[in-house]
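Student: The structure under discussion is supplied below as structure tokens; questions concerning it will follow.
The values are calculated or read from the model by the stated rules, or taken from the named source; none is laboratory data. Since we're looking at a predicted model, the values are computed, not measured. Because the Cβ atoms are built from the backbone with ideal geometry, glycine has one as well, and the counts that use them run over all protein chains shown. Each accessible area value is taken on the protein alone, full model and side chains, heavy atoms only, with ligands, DNA and RNA left out. Shrake-Rupley method; radii C 1.70, N 1.55, O 1.52, S 1.80 Å.
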Amino acid sequence: MNKNRLRDEFLELARIPSVSKREGNVAKRLITILEGMGARVQVDDAGEKIGSDVGNLVAHLPGTAPDVAPFLLCGHMDTVPPADHVRPVVDGDIIRTDGTSVLGGDDKSGIVAILEAVRLLRERNIAHGPIDVLFTICEELGLLGAKQFDVGRLRARTGLILDCDGVHELITRAPAANRMQFIVHGLEAHAGLAPEQGISAVQVAAEAIAAMRLGRVDAATTANVGRIEGGLASNIIPNRVVLRAETRSLTVEGLERQTRHMVECLEVAAARRSVTVGGKTTTARFEARVERDYEPLAVADNARIVGLVRGAAERLSKPFLTRSTGAASDANVFGGRGLEVANLGCGMRQIHTVNEWVDVNDMMATTELLVETVRLHAG
Ligand SMILES: [Zn+2]
């Protein structure tokens, strides 16, 4: 029964630690598995560029049906910490850890579903087109592996990323993000002798932050100031504060609107503070560095990839829904580069915690949905 094979493969991969930048051992095992399936496997140079011990792994599998466009199946090899030692605990169909590490079902549940789907396509003699399997590195550090990956290495222009909780759910909308750094400049002065000659960068920053709409700004947009750093001592009026912030939105307009709002709060707070010392007037100021972290994922409900998965779910008499999420995945990067991809739930639960768990039945269901989707794609 392939359920045992799937569970055993999940356990084997889960036990190989693969925290971001140390995916080398799990990659080695995956290369052996993929080559055993007859794939041609390449490793790109992303690892050297971002400091991982291996690159992204791309495997080309031949099709068995003529004239079918290649199809992409993608997951990521890295996990979040703590995961130096992963000791899975099996309780019937439920797999969790001993509580000292994450399980790494994010994203090994997706990886085993992909591997098992490829096996089942062969074993059941299901006609399919060429399949590109892509396993990325450093997804958890900000989609770094995907960002370094040259999509020209893929034959496929459509497919699925498997990197989401839930089953029979397809993420078609995920936010774009801006990463921001604000450096607030005040004026240094002795806090007791000459406070009127100083401008507190801490106060300017505090007033700006207090005026910002943060958290869940609206249904599509979130924002956060996540780090604040500055000042030297309690008796010095601080002349410098550094803020690190982000905003995410399902629309680029929402993203830009919120970014502008945060910058304006700083402008207003800075303009309010100035001092004149010895005839020279100084006003608080700030520098803003805004960087687009990733583009939004926005797949229409009538896109072909959505129709394929919906059709596959219907043929299996399973529920199906599309939804949005507040977190990005490699699908954001590849969607932004013109591939038609969506992110399919693969049964990971309570991810990024030591309470993480998976149900083997969920991974089985994901595998069956993949097999059916690839079959439909071949017509
Ligand atoms: Zn993930």
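Student: Between helix 24-36 and the chain, what is the angle of the helix's C-alpha long axis to the longest principal axis, kept within 0 to 90° and rounded to the nearest 10?
Tutor: Orientation of helix 24-36: about 30 degrees from the principal axis.
Student: Now a separate question. So what are the radius of gyration and Dmax for the Cα set of the stretch 129-188, in Å?
Tutor: Rg then Dmax for the stretch 129-188, in Å: 17.9, 67.
Student: With the cut-off at 1.5 for a/c, could you classify the stretch 1-136 from its C-alpha gyration tensor as rounded, prolate or oblate?
Tutor: Oblate, since a/c reaches 1.5 and b/c is not below a/b.
Student: Right, something else. Once you have the Cα-Cα distance between residue 37 and residue 327, take 0.36 nm times their residue separation minus that, and quote the gain in nm to one decimal.
Tutor: On the way: separation 290, 0.36 × 290 = 104.40 nm, distance 3.28 nm.
Gain on extension, residue 37 to residue 327, equals 101.1 nm.
Student: Could you check how much of the accessible area of the stretch 118-160 is carbon and sulfur, as a whole percent, using a 1.4 Å probe? Please list the in-between numbers first.
Tutor: Numbers: 670 of 1440 Å².
Reported share for carbon and sulfur atoms: 47 percent.
Student: Quick one: if the Förster radius is 25 Å, what FRET efficiency do residue 87 and residue 2 give, using the C-beta to C-beta distance and rounding to 0.05? Numbers along the way, then the final one.
Tutor: Numbers: r = 25 Å, r/R0 = 0.99.
About 0.50, to the nearest 0.05.
Student: Turning to a different aspect of this structure: Give the separation of the Cα centroids, the stretch 260-290 to the stretch 140-204, in Å.
Tutor: A separation of 24 Å, based on Cα centres.
Student: Something else about it: Quote the Stokes-Einstein diffusion coefficient, in whole µm² s⁻¹, for the chain, based on the Kirkwood radius over alpha carbon pairs, a temperature of 25 °C and a viscosity of 0.890 mPa s.
Tutor: Working: Rh = 22.6 Å.
Estimated diffusion coefficient is 109 µm²/s.
Student: Please calculate how many Å² of accessible area the chain carries per residue, with a 1.4 Å probe and no DNA, RNA or ligand atoms counted. Kindly include the intermediate steps, with their values, before the conclusion.
Tutor: Numbers: 16020 Å² over 379 residues.
Spelled out: the 1.4 Å probe surface of the chain, per residue, equals 42 Å².
Student: Round to a whole number: what % of the accessible area of the stretch 7-81 belongs to carbon and sulfur, probe 1.4 Å?
Tutor: On the way: 1500 of 3040 Å².
On the stretch 7-81, the fraction of accessible area on carbon and sulfur atoms equals 50 percent.
Student: Given an 8 Å cut-off on Cα distances and at least 6 residues of separation, report the relative contact order of the stretch 20-126 as a percent.
Tutor: Over the stretch 20-126, the number comes to 21 percent.
Student: Highest first, please rank the peptides 7-18, 101-112, 41-52 by the mean number of other Cβ atoms sitting within 10 Å of their residues.
Tutor: Values: 7-18: 19.7, 101-112: 28.3, 41-52: 16.9.
Output ranking for 7-18, 101-112, 41-52: 101-112, 7-18, 41-52.
Student: Next question, about the same structure. Could I have the simple spin-label model distance between residue 65 and residue 320, label points 7 Å from Cα toward Cβ, reported in nm to one decimal?
Tutor: Computed distance between label sites residue 65 and residue 320 equals 1.5 nm.
Student: To the nearest 0.05, how large is the calculated FRET efficiency for residue 11 and residue 49 if R₀ is 45 Å and r is the Cβ-Cβ distance?
Tutor: Approximately 0.90, to the nearest 0.05.
Student: I need the calculated FRET efficiency for the pair residue 260 and residue 233, taking r as the beta carbon distance and R₀ as 35 Å, to the nearest 0.05.
Tutor: Numbers: r = 35 Å, r/R0 = 1.00.
The pair residue 260/residue 233 has a calculated efficiency of 0.50.
Student: Take the alpha-carbon centre of the stretch 1-71, take the same for the stretch 312-379, and report the distance between them in whole Å.
Tutor: 18
Student: Taking the Cα atoms only, what angle lies between the long axis of helix 304-315 and the longest principal axis of the chain, rounded to 10 degrees?
Tutor: 50
Student: May I ask you to give the percent of accessible area on the stretch 305-379 that is carbon plus sulfur, with a probe radius of 1.4 Å?
Tutor: Numbers: 1250 of 2650 Å².
Here carbon and sulfur together make up 47 percent of the probe-accessible area.
Student: Consider just the alpha-carbon atoms of the stretch 187-314 and return their Rg together with their Dmax, both in angstrom.
Tutor: 21.3, 78
Student: Magnitude of the Cβ-charge dipole of the chain, K/R +1 and D/E -1, about the Cα centre, nearest 20 debye?
Tutor: Values: 44 positive and 49 negative charges, 91 e Å.
With Lys and Arg at +1 and Asp and Glu at -1, about 440 debye.
Student: In addition: Sort 57-67, 138-148 by packing, meaning the average of other beta carbons within 10 Å per residue, with the highest value first.
Tutor: Working: 57-67: 17.5, 138-148: 22.8.
Packing proxy ranking, top to bottom: 138-148, 57-67.
Student: Kindly express, to the nearest 10 degrees and within the range 0 to 90, the angle between helix 252-271's C-alpha long axis and the longest C-alpha principal axis of the chain.
Tutor: Computed tilt is about 20 degrees.
Student: Rank by packing, highest mean first: peptides 113-126, 273-286, with packing defined as the count of other Cβ atoms within 10 Å averaged across residues.
Tutor: Numbers: 113-126: 19.0, 273-286: 14.0.
Descending packing order for the listed peptides: 113-126, 273-286.
Student: Kindly report, to the nearest 10 Å², the accessible surface of residue 320 as traced by a 1.4 Å probe over protein heavy atoms only.
Tutor: 50
Student: Follow-up. Which of 10, 42, 30 sits farthest toward the positive end of the charge dipole of the stretch 1-100, with +1 on the Cβ of Lys and Arg and -1 on the Cβ of Asp and Glu?
Tutor: 10
Student: Test of understanding: what is the full-extension gain from residue 29 to residue 219, defined as 0.36 nm times their sequence separation minus their Cα-Cα distance?
Tutor: Numbers: separation 190, 0.36 × 190 = 68.40 nm, distance 4.20 nm.
Full extension from residue 29 to residue 219 adds 64.2 nm.
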